[in-house]
Amino acid sequence: MMTSVRLPKDIKARLKRLSDKTNTTQSDYVRKAVIIFLKTQEDRLLEIAGASNLSDVEKKVAINEIDLAKKSGLMPSARKKSKRAITKKTH
């Protein structure tokens, strides 16, 4: 499956320089970065969901922070779409 990503010019230039210096494709670097990012975010969500030491209010605050990150573009919103799709199927 192919996905397109738009990068700011400065990030694209840095990625190209690194790729050229290391003889590694830009796609390989982007793929690795996405894998690391997703793992980090998924682990954080699991910690929040299963954190028995957090009160319900603290969990809601953490979840609201994640929602804000999604809206601001700091975190992918694909999960949000998946939840909607699941909700539609179950109702």
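Just so it is clear, none of the values below were taken in a lab; they were calculated from the coordinates. Predicted model only: the values in this text are computed from it and were never measured. All Cβ positions, even for glycine, are placed from backbone atoms using ideal geometry, and neighbour counts span all protein chains on display.
Near Lys16, which aspartates and glutamates are there with a Cα under 16 Å away, not counting those fewer than 8 places off in the same chain?
Asp28
If each of Ala69 and Ile36 carries a label point 7 Å out from its Cα toward its Cβ, how far apart are those two points in nm?
1.6 nm
By how many nm would the segment from Lys21 to Ser4 grow when fully extended, if each residue of separation counts as 0.36 nm and the alpha-carbon distance is taken off? Don't skip to the answer; put the middle values down first.
Details: separation 17, 0.36 × 17 = 6.12 nm, distance 2.32 nm.
Fully extending the segment from Lys21 to Ser4 adds 3.8 nm.
Step through the table entries Lys39/Lys70; Lys12/Lys32; Lys9/Lys39, compare each Cα-Cα distance with 22 Å, and write down the pairs that go over it. Mind dumping the intermediate values first?
Values: Lys39/Lys70 16 Å; Lys12/Lys32 15 Å; Lys9/Lys39 26 Å.
Correct reply: Lys9/Lys39.
Distance in nm between label sites at Lys60 and Ala13, each 7 Å beyond Cα in the beta-carbon direction?
In this crude label model, Lys60 to Ala13 measures out at 4.7 nm.
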